[in-house]
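The values are calculated or read from the model by the stated rules, or taken from the named source; none is laboratory data. Bear in mind the structure is a predicted one, so any value in this text is a computation, not a measurement. So basically every Cβ, Gly included, is an ideal-geometry build from the backbone, and we count neighbours across all protein chains shown. With ligands, DNA and RNA removed, areas are computed over all heavy atoms of the protein, side chains included. Shrake-Rupley method; radii C 1.70, N 1.55, O 1.52, S 1.80 Å.
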Amino acid sequence: MAKIWELYKNSHWVEPFLIGSICLFVGISAVLYLLITASRNKKIKQEKLREEYDLIIVELMYAVVFMDAPFSSVKDDQNYAVFLKNPYFREVLTESVINLHKNYDGIYAIKLEEFYKESELINSSFKKLKNRKWEVKCKGITELAEMNITDSFDTIVTISKSKNKTLKITAINACIKLGGTTGIIHLTEHPYPIDNWTQLNIINAFKKHDIGDTQGVEYLLESKNTTVVSLGLKLIKELKFTQKLSHVEELAEKAPNILIQYEAQSVVQALTVNLISK
């Protein structure tokens with residue numbers, strides 16, 4: 001300790017320390033500047049490539065969707081073959097296919113789905129489900145749900161049990177799109193509370209996808225998770241599932257707590273009014 005104190009009192013260390021600190025600061029600043037410049041240049045390059053790729057993709061999609069060109073002929077066409085092996089081109093292509101699918105239905109939507117599978121863009125979407133970043137998982141889930149890939153249902157159900165709220169909502173919405181009411185039956189065993197915001201998103205998903213088959217919604221009322229029970233009641237009330245009145249009445253008599261009992265009674269009253277008005 002005495003030697004350290006003597007060294008501290010000796011002012012000769014100050015000048016080298018300051019020089020070293022300045023050099024370190026300048027070095028870090030230079031590295032950060034180079035990283036920022038490199039990142040910016042990469043984005044500029046990607047934007048230019050995207051503009052170039054968009055022109056190629058427009059021609060490609062026109063041939064596939066409107067000219068009935070099979071993927072085998074597209075794959076062998078030298079105008080497209082090189083690009084189809086490029087990872088970034090495939091990413092831009094996937095985005096374009098997804099956006100087109102949102103705006104088309106019928107035979108055109110089916111052709112896009114076939115192209116999505118035959119071109120193996122589907123494999124990239126499945127890989128995203130295994131990514132550690134939740135935002136990448138969300139993107140993969142959205143892509144698979146939009147393209148009606150029912151084989152992804154079980155995997156997405158597993159992901160829906162995540163604690164990340166955004167990932168959970170995205171996965172549950174995808175399950176509803178792919179499986180209708182089957183997409184929420186798994187929530188009866190959901191281990192975590194489902195907050196009001198998530199419940200609202202689930203209800204909106206039902207309205208958005210116009211789910212006609214209500215078989216299975218009543219199972220939510222049997223869950224030990226009271227937030228799941230509350231979700232079931234909200235769904236039945238908001239979507240006016242009057243055929244579930246008997247299940248709600250039974251819950252009102254055997255509710256696990258006062259809050260659920262009051263909510264069930266409110267739903268019974270609302271459904272009864274709906275039946276009378278019919």
- Compute the distance in nm between two label points, each set 7 Å from the Cα along the Cα-to-Cβ direction, one at GLU249 and one at PHE126. 4.9
- Message: For region 188-277, what is the number of Lys pairs with C-alpha distance below 23 angstrom, counting only pairs 8 or more positions apart or on separate chains?
- Response: 17
- Query: Where does the Debye-calculated log10 I(q)/I(0) of region 188-277 sit at q = 0.14, 0.20 Å⁻¹, using only Cα point scatterers of equal weight, no solvent?
  - Reply: -0.45, -0.94
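Subtract the Cα-Cα distance of ASN41 and ILE28 from 0.36 nm times their separation in residues, and report this length gain in nm to one decimal. Write out the running numbers ahead of the final one.
Values: separation 13, 0.36 × 13 = 4.68 nm, distance 1.99 nm.
Separation in residues times 0.36 nm, less the Cα-Cα distance, equals 2.7 nm.
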- Message: Can you tell me how region 152-207 classifies by the Cα gyration tensor, rounded, prolate or oblate, using a/c under 1.5 as the rounded cut?
- Response: rounded
- Item | Most to least packed among 183-191, 48-56 [average Cβ atoms within 10 Å] | 183-191, 48-56
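Mean Kyte-Doolittle of at least -0.5 plus a Cα span of 15 Å or more along the axis: flag which DSSP H helices in the chain meet both, please.
Values: long enough: 14-61 (68 Å, 0.66); 87-103 (25 Å, -0.39); 106-118 (18 Å, -0.30); 134-146 (18 Å, -0.27); 165-179 (21 Å, 0.68); 196-209 (20 Å, -0.66); 226-238 (18 Å, 0.80); 258-277 (29 Å, 1.00).
Qualifying helices: 14-61, 87-103, 106-118, 134-146, 165-179, 226-238, 258-277.
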- Query: Carbon-plus-sulfur fraction of the accessible area of the chain, 1.4 Å probe, in percent?
  - Reply: 57
- Message: So, for the chain, what is the accessible surface per residue at a probe of 1.4 Å, expressed in square angstrom?
- Response: 62
- Message: Within region 145-172, name every residue whose backbone N is under 19 Å away from a label modeled 7 Å from Cα of LYS207 along the Cβ vector.
- Response: 169-170, 172
- Item | [x] 1.00; [y] 1.61; [z] 1.51, with the label sought being that of the calculated Cα Rg over 2.2 N^0.38 Å | [z]
- Note on the structure: Counting only protein heavy atoms and leaving out ligands, DNA and RNA, the solvent-accessible surface of ASP76 at a 1.4 Å probe, in Å² to the nearest 10, equals 110
- Item | Net length gained if the chain between VAL82 and ASP54 were fully extended (0.36 nm per residue, minus Cα distance) | 8.6 nm
